[in-house]
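The next block holds one structure in the form of structure tokens; read it before the comments.
Please treat every number below as a calculation from the coordinates, not as lab data. None of the values given here were measured: they were computed from a predicted structure. Quick reminder, even Gly has a Cβ in these numbers, built from the backbone with ideal geometry, and neighbours come from all protein chains shown.
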Amino acid sequence: MLSIKSSASKSNRGMDTSNPAVFVNAELLRLHMGRRVRAVIQVMRSDGGGTVIGRSTDDQQIVVKGNPPGPLTTFVEVIGIADSNQSIRAEIWSNFGDTLDTYSYNRVCLLANGDYKHLFI
């Protein structure tokens, strides 16, 4: 008989859970100052000098500081440190393409910070 616990532990060996990034939108960002967060933004403009202005999934502005590794698509996920109530110092940039269901992603953010946060690392 295969133990579910043993198979789950095998699948998690390569996953770093020591410093998880909390799913946030702009409203939730202020609750996680100084912590590692992840947010999806719609890129509105980039100054080319290390600042990207985006619209969060709850239709508010977020400033992302850091240099993206290359060209950005319309929607981008950033993982980094919430350094103010409206900005993230990005460590990781991931292109999410040119279309995204922002309503559903925003619902994920709300669930990840509410009654179901235990389901998110």
Worksheet item: Ratio of Rg to Rh for region 81-121, alpha carbon only, Kirkwood?
Response: 1.02
Worksheet item: Based on the Cβ-Cβ distance from Ser46 to His118, what FRET efficiency comes out when R0 is 41 Å, to the nearest 0.05?
Response: 0.70
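Please compute the net charge surrounding Gln61, taking Lys and Arg as +1 and Asp and Glu as -1 over other residues with Cβ under 12 Å from its Cβ.
After counting each charged neighbour, the total is -1.
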Worksheet item: Candidates (1) 41, 20, 12; (2) 28, 16, 14; (3) 19, 17, 14; which is the computed semi-axes √(5λ) of the Cα gyration tensor in Å?
Response: (2)
Worksheet, complete the sentence: Rounded to the nearest Å, the spacing of the alpha-carbon centers of region 18-38 and region 49-118 is 10
